[in-house]
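Scroll down for the structure; my scribbles are underneath it.
The values are calculated or read from the model by the stated rules, or taken from the named source; none is laboratory data. Fair warning: this is a prediction, and the values are worked out from it, not measured in the lab. For neighbour counting, all protein chains shown are included, and Cβ atoms are generated from backbone atoms with ideal geometry for every residue, glycine included. Surface areas here come from the heavy atoms of the whole protein model, side chains and all, with no ligands, DNA or RNA. Shrake-Rupley method; radii C 1.70, N 1.55, O 1.52, S 1.80 Å.
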Amino acid sequence: MMKRVLVIGCPGSGKSTFAKALHKTTGLPLFHLDLMYWNTDKSTVEKSVFLDRLSKALQRDEWIIDGNYHSTMERRIAACDTVIFLDYPLEICLDGIRARKGKPRNDMPWVEDGEDDAEFMAFIKNYRTQSRPRVMELLRQYSHKNIVIFSDRTQAEAFLKGDTARRHLPAKR
């Protein structure tokens, strides 16, 4: 049964969208790492503040946490019972970035410029070669966890709607 769920993937893969849908299905409390880490003026909180916020979420009996933040990923994987990895091709992620550009979101404290941020776009374009191998190594280290990897959006949607997900989800509150 899923009670502590981590949703990870390349920016633009739809982590927050998936996490919100999972929250709606399960009633599990939802936490967005971006809201723990960023201020509305695009500055970051002190590292100690971020870690304190994360610790408080991790101490709960139930949660969904979406976001990457590799510096705390192993800690979150160790604390979760389920990892959902949205392992999508680059173009799907770039489409996701384009689709959200200029739109307010409740998982981010500002409206993103998207493709106007060269550093962010470079991170996305290099995700498969730089970040993904580290994620896959962590997933191998924690292979005893319930690990679900989707390679496209239709798989994720089917999981949320299908009997497979319902067998693993706690009863809705």
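Which numbered condition in (1) part of a loop (DSSP other than H, G, I, E, B); (2) touching a residue at least 40 places away in the same chain (Cβ under 8 Å) is the only one that K103 fails?
(2)
Among (1) modelled with pLDDT under 95; (2) closer than 15 Å to Y88 by Cβ; (3) not in a helix (DSSP H, G or I), there is one condition F159 misses while meeting the rest; what is its number?
It fails just one condition, (3).
Out of all the residues in the range 33-46, is one or more of a type in the set (G, A, S), on the phi > 0 side of the Ramachandran plot and at pLDDT below 95?
no
Out of D107, D52, D95, D41, which single residue is surrounded by fewer than 19 Cβ atoms within 10 Å (Cβ to Cβ), in contact with a helix residue (DSSP H, G or I) (Cβ under 7 Å, 6 or more places away or on another chain) and acidic (D, E)?
Residue meeting the stated conditions: D107.
Of the residues that make up the range 74-82, is at least one open to solvent by 70 Å² or more (accessible area, probe 1.4 Å) and within 15 Å of N106 (Cα to Cα)?
Checked the range 74-82: no residue is open to solvent by 70 Å² or more (accessible area, probe 1.4 Å) and within 15 Å of N106 (Cα to Cα).
I'd like to verify a number: residues in the range 132-151 that are more than 17 Å from G67 (Cα to Cα) and open to solvent by 50 Å² or more (accessible area, probe 1.4 Å), how many?
7
Quick one: in the range 55-73, which of the residues that are charged (D, E, K, R) and open to solvent by less than 70 Å² (accessible area, probe 1.4 Å) is nearest to the chain's Cα centre (by Cα)?
Within the range 55-73, the match that is nearest to the chain's Cα centre (by Cα) is D66.
Can you tell me which residue among F18, F85, F31 is in contact with a helix residue (DSSP H, G or I) (Cβ under 8 Å, 6 or more places away or on another chain) and open to solvent by 20 Å² or more (accessible area, probe 1.4 Å)?
Just one listed residue meets the conditions, F31.
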